[in-house]
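Novice: I have a structure I would like to understand better, so I am pasting it below and will then ask my questions one at a time.
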Amino acid sequence: MASPVTPPRGMRDFLPRDKARREHALGVIRSVYSSFGFDEIETPVVEDFARLHSGLGGDNEKLAFNVLKRGLTPEDAVTAAGKGSLDSLADLGLRFDLTVPLARFYATHRAELPPVFRAIQIAPVWRAERPQKGRYRQFVQCDIDIIGEAGPIAEIELITATSAVLFELGLTGCRVRINDRRLLVGMLDAFGFAEAEHASVLITVDKLDKVGTSGVLAELRERGATAAAVDRLEAFFERPKPEDQPFGEAQIRSQLPAGVSDDVITELAAIGTAAAESGSGTTTPVIFDPFLVRGMGYYTGPIFEIEHPDLGYSLGGGGRYDGMIGRFLGQDVPATGFSIGFERIVDLLELPEDAASESIALVYDRDVTPGALIALKSALVATGKRVRLEKRTKNLKVLLDRVTGEGFRAFAFVTGETASVSDLEVKPLG
């Protein structure tokens with residue numbers, strides 16, 4: 001029996017209708033981001049192995065697809081295996097996100113870029129995930145980043161530009177959840193967790209949406225976190241729910257334990273308020289979430305995620321990562337970014353009707369000459385129409401249903417007597 005002819009696990013083919021929907025979404029995203037002053041760049045699909053495994057990518061580094069050095073012999077593999085280091089056989093790897101390549105790109109081209117650089121990156125990335133619904137080994141990321149701006153205006157720009165994308169794509173009901181890594185650290189200090197515990201505690205707290213408060217507390221106790229600190233966290237979870245208030249400093253402060261930095265609260269409130277007030281009709285509501293973590297350890301300040309009321313997962317996220325580029329330059333450079341979860345968003349979209357309104361299928365008889373057909377097609381294309389040639393079949397309904405499903409909205413018969421476009425009788429489909 002022949003083997004199934006399928007793509008590699010975790011990777012996908014896209015039929016024309018799916019590809020058209022993806023390209024429509026990408027066109028909207030590119031257009032909106034460009035209108036907000038961002039410039040698109042492109043980086044190689046591979047980066048140096050050492051760079052991809054330098055600690056900048058968090059747990060994603062474990063999922064990298066590595067590229068073997070050229071010219072290796074079987075003896076090289078045996079030697080590396082004996083030393084317990086197969087990684088020594090690789091010198092390159094497929095990028096697992098777009099942030100590490102951007103940091104390298106900026107370090108390479110800094111002298112050619114403006115003091116504040118606003119970048120768009122839209123490209124595929126690869127991770128050795130365990131394939132499942134919503135998780136793929138190859139997928140597209142859509143990132144915008146601002147490098148060189150230390151002030152909160154960078155976060156405000158990112159949130160407003162992303163809100164505009166959601167608006168133009170027709171995604172309603174979304175909210176942007178925001179927090180700050182410094183507030184998270186302040187909370188852990190206030191509860192009494194030792195600094196050495198912070199990273200592991202945040203990994204557990206990040207599961208709050210999936211396992212609930214009881215699950216988080218159970219895991220912390222199981223992992224041996226400071227008992228008194230876990231007790232204080234439990235009491236905080238069980239406190240009376242704060243009264244609803246408009247977004248702002250008071251509302252943020254009401255959801256935090258005493259002793260957390262007032263300066264950070266003021267800054268975060270200013271970001272959320274400005275973003276919410278500057279959308280010009282495209283505003284996505286901003287809410288404070290004291291337990292928003294964002295798993296990447298390189299975040300240093302404000303962090304954010306897009307939530308949708310009908311979904312149990314985020315549609316994108318990002319945050320400030322001021323320390324990353326300094327790993328390449330030897331000096332810190334402020335940076336912050338926002339990534340849209342393209343694969344999740346595109347599944348929520350339909351092609352707009354006007355995308356197919358200027359399309360027509362020419363259903364031709366067998367006696368029509370190729371020259372006459374191509375002349376008709378070229379004349380219609382010159383007027384801005386999308387044209388498909390279809391040979392007439394006995395079962396005309398099946399043919400017309402198929403081209404309708406492929407996005408065509410009109411058809412016309414072409415016979416041996418059809419001399420020009422004016423002779424066509426165009427009829428609607430669907």
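Novice: Could you grab me the full set of residues in the stretch 106-128 that are in contact with a strand residue (DSSP E or B) (Cβ under 6 Å, 6 or more places away or on another chain) and surrounded by 16 or more Cβ atoms within 10 Å (Cβ to Cβ)?
Specialist: Tyr106, Phe117, Arg118, Ala119, Ile120, Gln121, Ile122, Val125, Trp126
Novice: Could you run through the stretch 400-412 and say how many residues are surrounded by 17 or more Cβ atoms within 10 Å (Cβ to Cβ) and in contact (Cβ under 8 Å) with a residue 40 or more places away in the chain?
Specialist: Residues in the stretch 400-412 being surrounded by 17 or more Cβ atoms within 10 Å (Cβ to Cβ) and in contact (Cβ under 8 Å) with a residue 40 or more places away in the chain: 7 in total.
Novice: OK, next. Given the conditions (1) at pLDDT below 90; (2) within 29 Å of Arg130 (Cβ to Cβ); (3) open to solvent by 60 Å² or more (accessible area, probe 1.4 Å), report the number of the one that Val45 does not fulfil.
Specialist: (1)
Novice: Can you pull out every residue in the stretch 250-269 that is farther than 24 Å from Phe193 by Cβ and surrounded by 16 or more Cβ atoms within 10 Å (Cβ to Cβ)? Spell out the reasoning first.
Specialist: The first filter runs over the stretch 250-269 and keeps only residues farther than 24 Å from Phe193 by Cβ, leaving 250-251, 266, 269.
Listed by number, the residues that qualify are Gln251, Ala269.
Novice: Next question, about the same structure. Enumerate the helices (runs of 4 or more DSSP H) found wholly within the stretch 164-235, keeping only those where 3 or more residues are buried (at least 17 other Cβ atoms within 10 Å of the Cβ) and in contact (Cβ under 8 Å) with a residue 40 or more places away in the chain.
Specialist: Filter on the stretch 164-235 gives 181-191.
Novice: Filter the stretch 131-163 down to the residues that are acidic (Asp, Glu) and assigned to a helix (DSSP H, G or I), then identify the one that is surrounded by the most Cβ atoms within 10 Å (Cβ to Cβ).
Specialist: Top of the filtered list is Glu155.
Novice: Taking helices (runs of 4 or more DSSP H) that fall entirely within the stretch 300-399, which contain at least 2 residues that are touching a Leu at 6+ places or on another chain (Cβ under 6 Å), in contact (Cβ under 8 Å) with a residue 40 or more places away in the chain and open to solvent by 60 Å² or more (accessible area, probe 1.4 Å)?
Specialist: It comes to none.
Novice: May I ask you to verify whether Asp244 is modelled with pLDDT of 85 or more, open to solvent by 60 Å² or more (accessible area, probe 1.4 Å), more than 17 Å from Ile303 (Cβ to Cβ) and not hydrophobic (A, V, I, L, M, F, W, C)?
Specialist: No.
Novice: Which condition number does Ile203 fail, the rest of (1) under 15 Å from Leu184 (Cα atoms); (2) modelled with pLDDT of 90 or more being met?
Specialist: (2)
Novice: Follow-up. What are the residue pairs meeting all of these: first residue in the stretch 416-430, first residue within 17 Å of Thr383 (Cβ to Cβ) and assigned to a helix (DSSP H, G or I), second residue of a type in the set (Gly, Ala, Ser) and open to solvent by less than 90 Å² (accessible area, probe 1.4 Å), Cβ atoms under 6 Å, and 6 or more apart or on different chains?
Specialist: What qualifies is Val421/Ala379.
Novice: Also, I was wondering about something else. What number of residues in the stretch 207-226 are among the polar types (S, T, N, Q) and more than 20 Å from Ala196 (Cβ to Cβ)?
Specialist: Result for the stretch 207-226: 2.
Novice: Take the stretch 380-430 and flag every residue that is among the acidic types (Asp, Glu) and more than 41 Å from the chain's Cα centre (by Cα). If you could, list the steps in order and put the result at the bottom.
Specialist: Just the residues of the stretch 380-430 that are among the acidic types (Asp, Glu), to begin with: 390, 401, 406, 417, 423, 425.
Matches in the stretch 380-430: Glu417, Asp423, Glu425.
Novice: To continue, here is another question. Quick one: in the stretch 270-290, which of the residues that are at pLDDT 90 or above and assigned to a loop (DSSP other than H, G, I, E, B) is least open to solvent (accessible area, probe 1.4 Å)?
Specialist: Pro290
The values are calculated or read from the model by the stated rules, or taken from the named source; none is laboratory data. A quick note: this is a predicted structure, and the numbers were derived from the prediction, not measured. Positions of Cβ are generated from backbone atoms using ideal geometry, with glycine treated the same way; all protein chains shown enter the neighbour counts. The area values use the complete protein model at the heavy-atom level, side chains included, leaving out ligands, DNA and RNA. Shrake-Rupley method; radii C 1.70, N 1.55, O 1.52, S 1.80 Å.
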